[in-house]
Each structure stands twice: as C-alpha cells, then as structure tokens.
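The values are calculated or read from the model by the stated rules, or taken from the named source; none is laboratory data. Being a predicted model, the structure only gives us computed values, none of them experimental. Methodologically, a virtual Cβ is constructed for each residue, glycine included, from the backbone with ideal geometry; neighbour enumeration extends over all protein chains shown.
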Amino acid sequence: MTKIRLANMEFHAFHGCLEHEKEIGNTFIVSLEAEIDTDWANDSDDLNDTLDYQLIYNVIKDEMEIPSNLLEHVSQRILNTLMEYFPVIESLKIELSKLNPPLGGKIASVTIIQEATRE
C-alpha cells in the first residue's frame, strides 16, 4: 500500500453558521491522505494505474464551493464523493481547517479530521 498526500490546499469559501461567514467567507485549508495499492503504477509508469491528483483536487474544489453551515458536513461530503468516484482508494483521511474562526478571541484555526475505510 502507498499513501498519497495532497497537503494544504487553500480555498476561499462560505462555510459557517454566522451570517457574515456566509456573506464574506473565510480561508480554508484542506489536506488529504489516501491509501491505495500502487503495484500496477510502480511497474507501468502510467497515470491510469494510480490516482490522478488533478481529479482529486477538482472534487475537493467542487465540494468546497458548496456553502455549508458545518465543517463536519463539508468534510463528510468530500469523503463520500472521493470514495464513490475512486474505487482504488482503500482508506482516506481529510483534514479541513477554517483559519481565524470567529470565536471571540485570537485562534489560528479550527480543524475537523475525518477518516473513511472501504469495507
């Protein structure tokens, strides 16, 4: 098994429960770690035998563009979509962070971490 990590993808999005979060938006950071079998790709050197990072990024970007109240909801949508579209993924871990969340004090970020494993 091989782990593939896409780290610190940055998006401006409109997730949050407060009205100003829905209007102004905020900066979000997404990191993903997927575990896949790369035996074919190791030998073939063919992109079709592994995960195409661009396609993974596109799915995450599309999901980040859909406003949601909760980070948990966004993260779960990303997990579900990736597991559905990419059967080669055995397990998946998503970290979704909202920078400078409006919590009434100085906080760098709040992060949701969710994982999924194919049964």
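Scanning segment 22-34 for residues that are surrounded by fewer than 16 Cβ atoms within 10 Å (Cβ to Cβ) and either touching a Cys at 6+ places or on another chain (Cβ under 8 Å) or within 20 Å of ILE94 (Cα to Cα) (or both) yields THR27, GLU33. Being out of contact with any strand residue (DSSP E or B) (no Cβ under 8 Å at 6 or more places or on another chain), modelled with pLDDT of 90 or more and crowded, with 17+ Cβ neighbours inside 10 Å is a description that does not apply to GLU19. The set of residues in segment 39-56 being surrounded by 17 or more Cβ atoms within 10 Å (Cβ to Cβ) and either hydroxyl-bearing (Ser, Thr, Tyr) or not in a helix (DSSP H, G or I) (or both) consists of THR50, LEU51. Total residues in segment 37-78 satisfying the condition of being out of contact with any Leu (no Cβ under 6 Å at 6 or more places or on another chain), closer than 19 Å to LYS98 by Cα and not β-branched (Val, Ile, Thr): the figure is 14. Would you confirm whether any residue within segment 57-75 is small (Gly, Ala, Ser), in contact (Cβ under 8 Å) with a residue 12 or more places away in the chain and in a strand (DSSP E or B)? No, segment 57-75 has no match at all. Residues in segment 78-119 that are charged (D, E, K, R) and either in contact with a Phe, Trp or Tyr (Cβ under 7 Å, 6 or more places away or on another chain) or farther than 20 Å from ILE4 by Cβ (or both): 3 in all.
Test GLU95 against the criterion of being surrounded by 13 or more Cβ atoms within 10 Å (Cβ to Cβ), of a type in the set (Asp, Glu), within 17 Å of PHE11 (Cβ to Cβ) and at pLDDT 95 or above, and give yes or no. Yes; evaluated as a whole, the condition is true for this residue.
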